[in-house]
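Undergrad: So that we are looking at the same thing, I have put the structure below in structure tokens.
The values are calculated or read from the model by the stated rules, or taken from the named source; none is laboratory data. Here the structure is a predicted model, which is why all the values come from computation and not from measurement. Glycine also receives a Cβ, built like all others from the backbone with ideal geometry; neighbour counts cover every protein chain displayed. The accessibility values were calculated without ligands, DNA or RNA, using every heavy atom of the protein model including side chains. Shrake-Rupley method; radii C 1.70, N 1.55, O 1.52, S 1.80 Å.
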Amino acid sequence: QVHVKESGGGLVQPGGSLRLSCVVSGDIFWIGIMGWYRQAPGKQRGLVATVTSTGTINYVDSVKGRFTISRDNAENTIYLRMNSLKPEDTAVYYCNADLKTSRYSTFNDYWGQGTQVTVSS
């Protein structure tokens, strides 16, 4: 079994900051791409940022310059530092890990349960 657990969400005022964490644990052989996605009410889940095992990073345009994704391979953990938060950043933030559970398995996507981020005055 694989477990993906996010933490760090909450209520913050516009212009504020939050740091999200995601830990992947369980039957892990190799983790490829890890990332953060978000889903606002009435909208589809969409990409926020991804990071590969070698550190290649990708951001959606709307968060560039405000959000920073980082990764600790030794701890199977990623972080998302969110600065200058806007009301439109309000969403449930989900962690995703594309990983293999054994040498011979294929890569599969695993998702966490999500953590709520609300930006409001």
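Undergrad: Excluding residues on the same chain fewer than 8 positions from Lys5, give the lysines whose Cα lies under 19 Å from its Cα.
TA: Partners within reach: Lys100.
Undergrad: Sorting Arg81, Arg66, Arg71 by accessible area (1.4 Å probe), largest first, what list results?
TA: Ranked list, largest accessible area first: Arg81, Arg71, Arg66.
Undergrad: On to the next question. May I ask which residue of Tyr110, Ser120, Met82 lies farthest towards the positive end of the charge dipole of the chain, with charges of +1 (Lys, Arg) and -1 (Asp, Glu) on Cβ and the Cα centre as origin?
TA: Ser120
Undergrad: A further question follows. How much net charge surrounds Ser25 when only the other residues with a Cβ under 11 Å from the Cβ of Ser25 are counted, with Lys and Arg +1 and Asp and Glu -1?
TA: Local net charge: -1.
Undergrad: Let me ask another. Taking only protein heavy atoms into account and a 1.4 Å probe, give the accessible area per residue of the chain in Å².
TA: Solvent-accessible surface per residue comes out at 55 Å².
Undergrad: Note down the relative contact order for the chain as a percent, whole number, built from C-alpha pairs under 8 angstrom at least six residues apart.
TA: Rounded, it is 37 percent for the chain.
Undergrad: Ok, one more. Tell me, what % of the accessible area of segment 22-121 is carbon and sulfur with a 1.4 angstrom probe?
TA: Carbon-and-sulfur percentage of accessible area, whole number: 47.
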